[in-house]
Every structure is written in C-alpha cells, then in structure tokens.
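Read the structure below first, then the notes.
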Amino acid sequence: QVQLVESGGGLVQPGGSLRLSCAASGSIYGIYAMGWYRQAPGKQRELVAVITSGGSANYADSVKGRFTVSRDNTKNTMYLQMNGLNPEDTAVYYCNADLQQTRYRTRDNYWGQGTQVTVSS
C-alpha cells in the first residue's frame, strides 16, 4: 500500500508564503516524476509544477518566479515553496507521483488527499 500525504496548507495573507510537503510512504521501489496540482472551486484541476527524479522542474506560467518545487529522494518527499501568494492561488493542492512499488511491477500513478491553501486578507 502506498500513501501520499500532503501537509503545510493553511490561511495566509496576500504576499505571504507557505511551504507544502508531500511524503510518500509504503512499499516503494522507486519514485519517478512528482508533481503538484491544484483545484480551485468551480475549476478544473491544473498542473502547478512537476519535478523529475533528477531534479529538473517545470512550472505553470502563473506561478513561475514565485513557486519553487524540490524533492528529497532520501526521504521520498517533495516540497513546494510558495512565495508572493495572491488570492488566485487559493485552491486545494494535490500531490501526484509516478512510482514503482517493487522491482517487478510496472509504474503506477498516485494522488494525495489534498491540502487547502487559502490566500485572503
């Protein structure tokens, strides 16, 4: 059984910062691409940032220069440092990962349960 657990969400004022974490646990042989997605009320889920196992990252245009994704492969954990937050960043943020549970299994895609980020004064 594999779990992705997000943490670090909350309420922050415009211009503030938050750091999200996503920890993968369970039977894990290898984790490949990981990503952060978000879904605002009434909108479709959208990609925020993605990072490869080697650390190469890509970002949505709306967060470039403000958000930074990183990962610690020794801890099976991914982070999202969010600076310069504005009300349009308000959403539930989800962690996603492509991972392999054992050497003999194919890769599967997993989602976390989400963490709420609210940007409001």
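The values are calculated or read from the model by the stated rules, or taken from the named source; none is laboratory data. Note that the structure is a prediction, hence the values are computed from the model and not measured. Here the Cβ positions follow ideal geometry from the backbone for every residue, glycine too, while neighbour counts run over all protein chains shown. Please note that ligands, DNA and RNA were not included when accessible areas were found on the heavy atoms of the full protein model with its side chains. Shrake-Rupley method; radii C 1.70, N 1.55, O 1.52, S 1.80 Å.
Worth a mention:
- Note on the stretch 40-52: among residues that are at negative phi and in a loop (DSSP other than H, G, I, E, B), the one that is modelled with the lowest pLDDT is 41.
- In the stretch 89-120, the qualifying residues are those that are assigned to a strand (DSSP E or B) and among the polar types (S, T, N, Q), and the one that is surrounded by the fewest Cβ atoms within 10 Å (Cβ to Cβ) is 109.
- Qualifying residue in the stretch 74-84 (condition: among the β-branched types (Val, Ile, Thr) and farther than 11 Å from residue 117 by Cβ): yes
- Residue match in the stretch 27-39 (condition: open to solvent by less than 50 Å² (accessible area, probe 1.4 Å), part of a strand (DSSP E or B), among the charged types (D, E, K, R) and in contact (Cβ under 8 Å) with a residue 12 or more places away in the chain): yes
- When 11, 20 are checked against the criterion of being more than 15 Å from the chain's Cα centre (by Cα) and aliphatic (A, V, I, L, M), a single residue qualifies: 11.
- Residues (of a type outside the set (Val, Ile, Thr) and in contact (Cβ under 8 Å) with a residue 24 or more places away in the chain) located in the stretch 44-58: 45, 49
- Among the residues of the stretch 73-88, the one identified as outside any strand (DSSP E or B), more than 15 Å from residue 25 (Cβ to Cβ) and under 15 Å from the mean Cα position of the chain (by Cα) is 83.
- Taken over the stretch 40-67, the criterion of being in contact with a Lys or Arg (Cβ under 8 Å, 6 or more places away or on another chain), open to solvent by 50 Å² or more (accessible area, probe 1.4 Å) and farther than 21 Å from residue 5 by Cβ is satisfied by 46 alone.
- Evaluation of residue 70 against (1) within 15 Å of the chain's Cα centre (by Cα); (2) open to solvent by less than 50 Å² (accessible area, probe 1.4 Å); (3) in contact (Cβ under 8 Å) with a residue 24 or more places away in the chain (one fails), failing number: (3)
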